[in-house]
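Peer 1: Right, I'll just put the structure down here and ask away after.
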Amino acid sequence: MPISGKGKYPVDHWTKIKNILTDIAQAATKKLKLAGEEPEVVSIDFANPDIKSVIFNNLFSIPIVICDVSGNNPNVIYELGLRVAFDMPVIIIKDKDTEFSFDINSLLTIEYPNNLTQLGPTDPTYKEFSSKLYSRIIYTYYEFAAGSVSVSPLAKYLHHEHYLQIKRGVPFDLAGHYEYICYREEIGYSHGGKCEITLKHFRGSIIEWQLKGARHWKKDGTEYPVQEFMDPYRWETKKQSCSKTNNIWSVMRSAPPPT
């Protein structure tokens, strides 16, 4: 939402809108039990004097952003574009007078009456808007926390391969089955392993992968217990020999090693 006045939207109008949104967001935060989290304008960070840096980083990292496009303020529309490009959840709201623009109307928008700031919390119209926004905040947070693409502004429209490239610039899908064998004959040492990589979920601008696998070591003719890969990033040793793992690395026990 704008922080400066223009035309029929004076500064005090946006101050009142901000207070209303803050009340609704705080109620949702309380419901979600997010202690210490307070709603704020994306340009606010008292520790960073660079306002553009603050805006960019907040738009990139904050789990939920409410964007009021009332009046089609160019700065707000630009920041909305950044948020969409970052593929982060955004809840769009607008007053009744503001017309839908073609590129934005495909995204869910919650409308509020032009005189919202003149209504009280007990007014039916006020309560309807408040209820819709409150519910949307709750839904968006849970879906985002679960890694669901249902709150992604891009997943619905981009081809899958293009969507993967958006996620941190990853140009390919890493999912698959991988095996390796390593021989160090000069020191009587060899090891091998296998792993399965699957796509866990997209979360905002991040891809999370699930890695499952195991590895086996052999040194000076002695086989060591198989180690399984356990999240997050640690190996767990199991007391079983290579011969009892469906001959996964039987080639390790064959001679000579492959060239």
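Peer 1: Looking only at the range 77-136, filter to residues that are more than 26 Å from the chain's Cα centre (by Cα) and of a type in the set (D, E, K, R); which one of those is farthest from Lys16 (Cα to Cα)?
Peer 2: Across the range 77-136, the extreme among qualifying residues is Glu99.
Peer 1: Further, regarding this structure: Restrict the check to the range 134-149 and report whether at least one residue is modelled with pLDDT under 90, in contact with a strand residue (DSSP E or B) (Cβ under 6 Å, 6 or more places away or on another chain) and outside the structural domain of Leu108 (by TED's automatic domain parsing).
Peer 2: Taking every residue of the range 134-149 in turn, none turns out to be modelled with pLDDT under 90, in contact with a strand residue (DSSP E or B) (Cβ under 6 Å, 6 or more places away or on another chain) and outside the structural domain of Leu108 (by TED's automatic domain parsing).
Peer 1: Hey, could you check the range 85-133 for residues that are part of a helix (DSSP H, G or I) and β-branched (Val, Ile, Thr) and say which is modelled with the lowest pLDDT?
Peer 2: Among those that are part of a helix (DSSP H, G or I) and β-branched (Val, Ile, Thr), it is Thr117.
Peer 1: Somewhere in the range 15-37, is a residue more than 21 Å from Ser131 (Cα to Cα) and part of a helix (DSSP H, G or I)? Explain how you work it out, then say what you get.
Peer 2: Narrowing the range 15-37 to residues more than 21 Å from Ser131 (Cα to Cα): 35-36.
With the extra rule that they be part of a helix (DSSP H, G or I), the set shrinks to none.
Within the range 15-37 (the criterion being more than 21 Å from Ser131 (Cα to Cα) and part of a helix (DSSP H, G or I)), the answer is no, since none of the residues qualifies.
Peer 1: Inspect the range 50-63 for any residue being among the charged types (D, E, K, R) and surrounded by 19 or more Cβ atoms within 10 Å (Cβ to Cβ) and give the result as yes or no.
Peer 2: Looking for residues that are among the charged types (D, E, K, R) and surrounded by 19 or more Cβ atoms within 10 Å (Cβ to Cβ), one finds none in the range 50-63, hence no.
Residue by residue, here is whether (1) surrounded by 12 or more Cβ atoms within 10 Å (Cβ to Cβ); (2) charged (D, E, K, R) holds:
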{"site": "Leu82", "(1), (2)": "yes, no"}
{"site": "Asp95", "(1), (2)": "yes, yes"}
{"site": "Phe100", "(1), (2)": "yes, no"}
{"site": "Asp103", "(1), (2)": "no, yes"}
{"site": "Thr117", "(1), (2)": "yes, no"}
{"site": "Gly120", "(1), (2)": "no, no"}
{"site": "Pro124", "(1), (2)": "no, no"}
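The values are calculated or read from the model by the stated rules, or taken from the named source; none is laboratory data. Nothing here was measured: the structure is a model prediction, and the numbers come from that model. Neighbour counts are summed over all protein chains in view; Cβ atoms, including those assigned to glycine, are modelled from backbone coordinates with ideal geometry.
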